[in-house]
Amino acid sequence: MWSLIAALSYPQRIIGKEGKLPWHLPLELRLFRQQTWGGILVVGRRTLETLPLPLPGRDVWVLSHSLAPQGDYYRVFPNPESLLQALSDVPKPVFFAGGASLYAWALQLPQLQKMFLTWVFLSVEGDTFFPFFAEHEWSLQRWELFTDKGIPFIRAEYERNSR
């Protein structure tokens, strides 16, 4: 199953500031780890640079034309075609995990069937935004409210509607 996973501010949809998350919510990070455990995280080069590698329990695959073909803790794919070919027969769950341009590309993939969005209710400044998506193509399946450090956030699971 191919999914997208992101944390974004509500309602601004901010996902980053100067290459970092604009908040630090340990509970949200633990939930992210639990959700993605045993899967493949697909990220872009700039998102890779923010990750604390290695990421136990997950494989990291990077879509980048500028990185060397192989890193110590990740696999690199130089173009979308090579990445899609490699993903076509993996038995593990796949999570597209950022950044903004990778999210925009993944949202167009027919194989993408789920989104796990964490809506953080915090007014923040940022320079990177989660792309708008065709909301009529997605149905909210479940959500849960959490609070960490006094900051509320909702973990929402969406499923793509049948086409």
Residue satisfying all of: in the stretch 93-143; hydroxyl-bearing (Ser, Thr, Tyr) and in contact (Cβ under 8 Å) with a residue 40 or more places away in the chain; nearest to Lys17 (Cα to Cα) among these: Thr128
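Look through Ala68, Ala100 and report the one residue that is among the hydrophobic types (A, V, I, L, M, F, W, C), surrounded by fewer than 16 Cβ atoms within 10 Å (Cβ to Cβ), touching a strand residue (DSSP E or B) at 6+ places or on another chain (Cβ under 9 Å) and under 17 Å from Leu48 (Cα atoms).
That would be Ala68, the only listed residue that is among the hydrophobic types (A, V, I, L, M, F, W, C), surrounded by fewer than 16 Cβ atoms within 10 Å (Cβ to Cβ), touching a strand residue (DSSP E or B) at 6+ places or on another chain (Cβ under 9 Å) and under 17 Å from Leu48 (Cα atoms).
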Residues that are surrounded by fewer than 12 Cβ atoms within 10 Å (Cβ to Cβ), over 20 Å from Gln108 (Cα atoms) and among the charged types (D, E, K, R), drawn from the stretch 131-163: Arg142, Glu144, Lys149
Neighbours by Cβ (under 6 Å, 6+ apart or cross-chain): first from the stretch 66-88, modelled with pLDDT under 90; second surrounded by 14 or more Cβ atoms within 10 Å (Cβ to Cβ): Leu67/Arg45; Leu67/Val76; Pro69/Val76
Number of the exception - Phe96 against (1) under 18 Å from the mean Cα position of the chain (by Cα); (2) at pLDDT below 95; (3) not charged (D, E, K, R): (2)
Any hit, the stretch 42-53, residues being within 16 Å of the chain's Cα centre (by Cα), within 21 Å of Phe130 (Cβ to Cβ), of a type outside the set (Ser, Thr, Tyr) and loosely packed, with under 15 Cβ neighbours inside 10 Å: yes
The stretch 106-132 - residue that is among the aromatic types (Phe, Trp, Tyr) and in contact with a strand residue (DSSP E or B) (Cβ under 8 Å, 6 or more places away or on another chain) and, of those, farthest from Tyr10 (Cα to Cα): Phe116
Some residue of the stretch 56-75 being closer than 15 Å to Leu112 by Cα and among the aliphatic types (A, V, I, L, M): no
Sole exception among (1) farther than 23 Å from Tyr158 by Cα; (2) in contact (Cβ under 8 Å) with a residue 24 or more places away in the chain; (3) not basic (Lys, Arg) for Pro52, by number: (2)
Given (1) aliphatic (A, V, I, L, M); (2) buried (at least 16 other Cβ atoms within 10 Å of the Cβ); (3) farther than 22 Å from Glu18 by Cβ, number of the condition Leu84 does not satisfy: (2)
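The values are calculated or read from the model by the stated rules, or taken from the named source; none is laboratory data. If you're wondering where the values come from, they're calculated on a predicted model, not measured in any experiment. Methodologically, a virtual Cβ is constructed for each residue, glycine included, from the backbone with ideal geometry; neighbour enumeration extends over all protein chains shown.
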